[in-house]
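Read through the structure below, which is laid out as structure tokens, and then see the notes.
Computed from the coordinates by the stated procedures, all read-outs in this text should not be read as laboratory data. All figures in this text were calculated on a predicted structure; none of them were measured in a lab. Neighbour counts are summed over all protein chains in view; Cβ atoms, including those assigned to glycine, are modelled from backbone coordinates with ideal geometry.
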Amino acid sequence: MHTESITLQVSSLPRFIKTCPRCKHPYYENSGCFRVNANGKRLDIWLICRCEHCKTIWNLSVYERIDRTKLQTEQYDAYLRNDHALILQHVFDPAFLQKNRAVLDCEGIAIQPVGTIPPEGTAAQILAASGYPLPLPAGRVIALLLNVSLSRVRRMHSDGTLLFNGDLRTTKAARTFSFTLLDGWKR
Ligand SMILES: [Zn+2]
């Protein structure tokens, strides 16, 4: 059996589940921008989010009063230029989310797979990997990769044409997971 590697790219900045105190809208969008404030040698860095509806600002703390010299120049520059990969790194960091009591809208995380799924009927082990610890159920990502519904993935799993070592609903895709398509698998 051969192995296919698929890279899971996050194609947009995920939003957060949070009720706006002003307009009661349930979601905040990620502005894609950091705010960096220098006060002498100390820096405060926030990730700016805003209510999708009324644009009320919500600043998520990245660093508070950090010594400027603790950040490497390259890293500091990445904050100044609102580096996309750096934003995603924070957004998927459980410690950052917990510190800010922020909850990602997992339903809205858009994944762009890069790689090839073998033709129907051909057995293969699929290794899926992401640069971020994705909090999505692996079953949902498998459904996306095979271009079928989640219930179809569950049926393939129960009829034995798809092997997955975990729970399709609760095991997270995380940074990497794998599943196996057996001979004769069908969409
Ligand atoms: Zn609002």
Query raised in the report: What is the order of Ile126, Ile117, fewest Cβ neighbours within 10 Å to most?
Result: Ile117, Ile126
Report task. Report the trypsin sites (Lys or Arg not before Pro) located in the range 21-92 that are in a DSSP loop and have at most 15 other Cβ atoms inside 10 Å of their Cβ, or state none. Result -> Arg22, Lys24, Lys41, Lys55, Arg81
Query - Lysine pairs within the chain, Cα separation less than 29 Å, 8 or more sequence positions apart or different chains - result: 11
Report task. Determine the principal axes of the Cα atoms in the range 19-102, then give the extent along each, sorted from largest to smallest and rounded to whole angstroms. Result -> 41, 25, 23
Query raised in the report: What is the dipole size for the chain, taken about its Cα centre, with +1 at each Lys and Arg Cβ and -1 at each Asp and Glu Cβ, in debye to the nearest 20?
Result: 720 debye
Report summary line: Relative to the compact-globule estimate 2.2 N^0.38 Å (N residues), the Cα gyration radius of the chain stands at a ratio of 1.24
Query - Mean ellipticity per residue at 222 nm, deg cm²/dmol - from DSSP H runs of n ≥ 4 across the chain, formula -39500 (n - 2.57) - result: -5500 deg cm²/dmol
Report task. Based on other C-beta atoms within 10 Å, arrange Leu181, Leu43 from fewest to most. Result -> Leu43, Leu181
Requested in this report: Sort by residue number and report every cysteine in the chain with no other cysteine beta carbon within a distance under 4.7 Å.
Outcome: Cys33, Cys49, Cys106
Query raised in the report: How large is the charge dipole for the range 54-134, taken about the Cα centre, if only the Cβ atoms of Lys, Arg (+1) and Asp, Glu (-1) carry charge, to the nearest 20 debye?
Result: 360 debye
Requested in this report: Rank these for me by crowding, Ser12, Ser31, going from fewest to most other beta carbons within 10 Å.
Outcome: Ser12, Ser31
